[in-house]
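The values are calculated or read from the model by the stated rules, or taken from the named source; none is laboratory data. Not measured: the values here are computed from a predicted model. Neighbour counts are summed over all protein chains in view; Cβ atoms, including those assigned to glycine, are modelled from backbone coordinates with ideal geometry. Ligands, DNA and RNA are stripped out before the accessible areas are found, and what is left, the full protein with its side chains, is counted by its heavy atoms. Shrake-Rupley method; radii C 1.70, N 1.55, O 1.52, S 1.80 Å.
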Amino acid sequence: FTSRARAELEASVAADPLNTRPLFFLGYALSNTGADEEGIDVFRSALTVNPARQNFLYEIARTYLNAGEFDAAIATFKEAYDILPENDEALTYYAAALISSGRIVEGERMLTERFGTTAIDNSILLSAYKEQGATMKVAAILEQRLAQMSPQDDFQTRLSLAVIYINTNNADDRPKAIEHLERAIFLNDQFKTQGQQMIEALKAGKSVIVK
């Protein structure tokens, strides 16, 4: 985020202070380049123009979450949720922040009551489960992602799932790992040699070390 780009955005804000678009871009750029407090201040300014815009609150909450300020993140996601409780995205973000902070039961209760499952394809929820070491929850979300993507497919998602199933060291998960590796090979020919070696090792009951 260069000083010139910042100056241009600030000039756009000054020229049209009621236009929240340049405010959003300025706040996003600041909060993603280490200027967290400045970014939050910009988003708060945008909220004075349009208090009902949940997106600004999401960005403030994400900034707090990335900084490990869980109480502030949860409070801000709740603020966004309270604007429109029927908004599924707002509820998912709020629940994800709870899970990320370790309040897993509370967060999962919200998800289950709304969706009947915790396998919601949401980037913050996925990160929350990764942080908590809940690899099978991550797998469930990635499987849901593939289901929603069908008939399209994705190499990286297939590979991530294969790694998860390999690392469980559970014989029952090996067929799942093999299935995802086979699809990964189909999607990316450059992975063919490595993928086939992994499949052969799995079929032979050998250990496969992956990270």
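Evaluated over the chain, the count of Lys pairs having alpha-carbon atoms less than 22 Å apart is 13 (only pairs 8 or more residues apart or interchain). Compared with the dominant Cα axis of the chain, that is its longest principal axis, helix 20-31 is turned about 60°. With the Kirkwood sum run over all distinct C-alpha pairs, segment 1-128 has a hydrodynamic radius of 15.1 Å. Axis angle, to the nearest 10 degrees, between helix 70-83 and the longest C-alpha principal axis of the chain: 70 degrees.
On the basis of the beta-carbon distance and an R0 of 30 Å, Thr168 and Asp88 show a calculated FRET efficiency of 0.50.
Do the sum for the chain: with -39,500 (n - 2.57) for every DSSP H run of n ≥ 4, divided by all residues, what is the mean residue ellipticity at 222 nm, to the nearest 500 deg cm²/dmol?
Details: 12 runs with 154 residues, N = 211.
Calculated mean residue ellipticity at 222 nm is -23000 deg cm²/dmol.
Could you tell me what percent of the accessible area of segment 1-103 is made up of carbon and sulfur, with a 1.4 Å probe and every protein chain present?
On the way: 2580 of 5130 Å².
For segment 1-103, the apolar C and S fraction of the accessible surface comes to 50 percent.
Against the main long axis of the alpha-carbon atoms of the chain, helix 3-15 sits at an angle near 50°. Measuring between their Cα centroids, segment 1-41 and segment 188-208 lie 48 Å from each other.
Rolling a 1.4 Å probe across the protein heavy atoms gives the chain an accessible surface of 55 Å² per residue.
Roughly speaking, to the nearest percent, how much of segment 157-198's 1.4 Å accessible area is carbon and sulfur?
Carbon plus sulfur share of accessible area: 42 percent.
Per-residue 3J(HN,Hα) values for segment 161-166, derived from phi via the Karplus relation 6.51 cos²θ - 1.76 cosθ + 1.60 with θ = phi - 60°, read 5, 4, 4, 4, 5, 5 Hz in sequence order (x marks Gly and Pro). So the label point goes 7 Å from the Cα of Phe186 along Cα→C-beta, right? Which residues of segment 154-175 then have their backbone N under 12 Å from it? The answer is 154-155, whose backbone nitrogens lie closer than 12 Å to the label point.
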